[in-house]
Amino acid sequence: MIEAKTRIERPLSPHLQVYRMTITMAMSIVHRITGAGLYIGTILFIWWLFAAGSPRNFETINGFLGSWFGRLILFGYTWVLLHHLLGGVRHLIWDTGRGMGPGEREFLAWATLVGSITLTIVVWVLALMLRG
C-alpha cells in the first residue's frame with residue numbers, strides 16, 4: 001500500500017496585515033456601519049411617529065429627543081443619513097464606470113467624508129436658525 005503524502009503548494013490568501021488601510025477601504029467599512037446605523041435611527045423615527053397618537057407619549061419622546069443626549073443621537077443620525085447617501089452617490093458614479101482611477105477613488109472617498117460632515121453642520125445650523 002502506497003501512501004501519497006505529496007503536499008500541493010497553493011497560494012495563501014493574504015491576511016489583513018498585508019494590506020495598508022486606505023481611505024477607500026475605510027469609507028467602505030464606514031458605509032456598511034452607517035447602513036446599520038440607519039436601522040437604529042429609523043426605529044427611533046417610527047417610535048416618534050407612533051407617539052404622535054398620544055399627547056403623553058409624544059411629550060415623552062420629544063422630551064427625550066430635546067435633551068442633550070437626544071440631540072446628540074439626532075445629530076449622529078443626521079450624519080449617518082447624509083454619509084450613507086453620499087456613499088451611495090459615490091457607488092452610483094462607480095457604476096457608470098467613472099471615478100475608478102486611484103486619484104479619483106481617493107477624491108470621491110474624501111468628498112464623501114468632508115461632504116457628509118459639512119452637510120450635517122449646515123442642516124443643523126439651518127434647523128436651529130429656523131427654530132428660533
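No lab work stands behind these numbers, since they all come straight from the coordinates. Everything quoted here is computed from the prediction, not taken from an experiment. Every residue, glycine among them, receives a Cβ derived from its backbone with ideal geometry; neighbour counts consider all protein chains shown.
Across the chain, the relative contact order, built from alpha-carbon pairs under 8 Å that are at least six residues apart, equals 28 percent. To the nearest 10 degrees, how steep is helix 68-95 against the longest Cα principal axis of the chain, on a 0 to 90 scale? In the chain, helix 68-95 runs at an angle near 50 degrees to the longest axis. Calculated mean residue ellipticity, 222 nm, the chain: -26500 deg cm²/dmol, from DSSP H runs (n ≥ 4) at -39500 (n - 2.57) each, averaged per residue and rounded to 500. Report D for the stretch 16-88 in µm² per second (integer): Stokes-Einstein, Kirkwood Rh on Cα pairs, 25 °C, 0.890 mPa s. So the translational diffusion coefficient is about 175 µm²/s.
Extending 7 Å from Cα along the Cβ direction at Met25 and again at Glu59 yields two label points whose distance is 5.4 nm. Extension gain for the segment Phe107 to Ile8, taken as residue separation times 0.36 nm less the Cα-Cα distance, is 31.3 nm to one decimal.
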